[in-house]
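Taking it in order: structure first as structure tokens, then the write-up.
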Ligand code: RIB
Ligand code: CA
């Protein structure tokens, strides 16, 4: 069985588009990314329906941008529903407003003109070859629609890093499926078949990146607005998972993707051949690692399985201290 391997840290800032369905852990991921301009050059935030409806995920992305002090980043609204299946949401986890633990308001700055899908098509079509990284923190609908409309955009993509899936870990929306995949398995299949460089951070690793009293104290000690927002949001967000799984803390799913982009050496994974189950029924949205492949014959996905959880919280704390 090939051993887990760590990827080297980026030597130059990454041109990054964050596709997201904020969502409690999405906001933590966005704040971490916005606090890291030395490593991540965020070109845009694109929003999708997922945890809550599109109007709320888009409002929450604008809120995160305001809290991060980064109104220079455009926010484009994308797909309001999955490719084929009926929409599902996770308001039971993220609250009706999609942001637990805090009072939301209408941010001053609005959305950018145009749809997220058209932005992806235009930007990735015009990009230098393999120059733009995408972090996909919700259902993969926007990217799938862009790939269907303009398959050649693959040329402009350096890598797609997805929060989603589960293999050795049980699902969190059904016994076998993770929410982002279950919300649009067809979209995940389109992305999987597109040939892009694809990395997954599944529940197998995010359930190892858990909050704790000590980690909440670490974050609270920073003493600024951003860290207090993260503490307040996560304190509320993790309750459902802790109760469901009997865990001692809650998983910080989406921020793990951003931490991976900043410090990949905190993570370990391997090349696998991955399939997504699109059959209607009990296994819809399941991700199956059908084979652990070899560097000589790599699979279609880099599957991240392990992480230095304390290293991630140290990174998050250090970066949040840079915000207001
Ligand atoms: O299963 C966890 C994922 O689903 C996270 O991205 C969370 O924000 C929800 O979108
Ligand atoms: Ca998300």
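The values are calculated or read from the model by the stated rules, or taken from the named source; none is laboratory data. Predicted model, so just to flag it, every value in this text is computed and none were measured. Positions of Cβ are backbone-derived with ideal geometry, glycine not excepted, and every protein chain shown enters the neighbour counts.
A few comments on the model shown:
- Residue 93 being within 14 Å of ligand 1 (Cβ to nearest atom) and at pLDDT 95 or above: no
- Only listed residue being in a loop (DSSP other than H, G, I, E, B) and within 15 Å of residue 229 (Cα to Cα), chosen from 100, 82: 100
- From 25, 19, residue being under 27 Å from residue 242 (Cβ atoms), touching a helix residue (DSSP H, G or I) at 6+ places or on another chain (Cβ under 8 Å), within 16 Å of ligand 2 (Cβ to nearest atom) and outside any loop (DSSP other than H, G, I, E, B): 25
- Flag for residue 236 being touching a residue at least 24 places away in the same chain (Cβ under 8 Å), out of contact with any helix residue (DSSP H, G or I) (no Cβ under 6 Å at 6 or more places or on another chain) and over 27 Å from residue 324 (Cβ atoms): no
- So residue 172, is it part of a helix (DSSP H, G or I) and either under 22 Å from residue 238 (Cβ atoms) or within 14 Å of ligand 1 (Cβ to nearest atom) (or both): no
- With respect to the conditions (1) under 26 Å from residue 197 (Cα atoms); (2) within 16 Å of the chain's Cα centre (by Cα), residue 24 falls short on a single one, namely (1).
Each row is one residue, and each column tells you yes or no for (1) in contact with a strand residue (DSSP E or B) (Cβ under 7 Å, 6 or more places away or on another chain); (2) away from ligand 1 (no atom under 12 Å from the Cβ); (3) assigned to a strand (DSSP E or B).
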| site | (1), (2), (3) |
| --- | --- |
| 182 | no, no, no |
| 189 | yes, yes, no |
| 195 | no, yes, no |
| 208 | yes, yes, no |
| 227 | no, yes, no |
| 237 | no, no, no |
| 249 | yes, yes, no |
| 255 | no, no, no |
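- Filter result for residue 288 (at pLDDT 95 or above, in a helix (DSSP H, G or I) and either exposed (fewer than 15 other Cβ atoms within 10 Å of the Cβ) or touching a strand residue (DSSP E or B) at 6+ places or on another chain (Cβ under 9 Å) (or both)): no
- Qualifying residue in the range 296-314 (condition: farther than 30 Å from residue 190 by Cα, within 16 Å of ligand 1 (Cβ to nearest atom) and either assigned to a helix (DSSP H, G or I) or out of contact with any helix residue (DSSP H, G or I) (no Cβ under 8 Å at 6 or more places or on another chain) (or both)): yes
- Options 48, 102: the member that is within 16 Å of ligand 1 (Cβ to nearest atom) and surrounded by fewer than 23 Cβ atoms within 10 Å (Cβ to Cβ): 102
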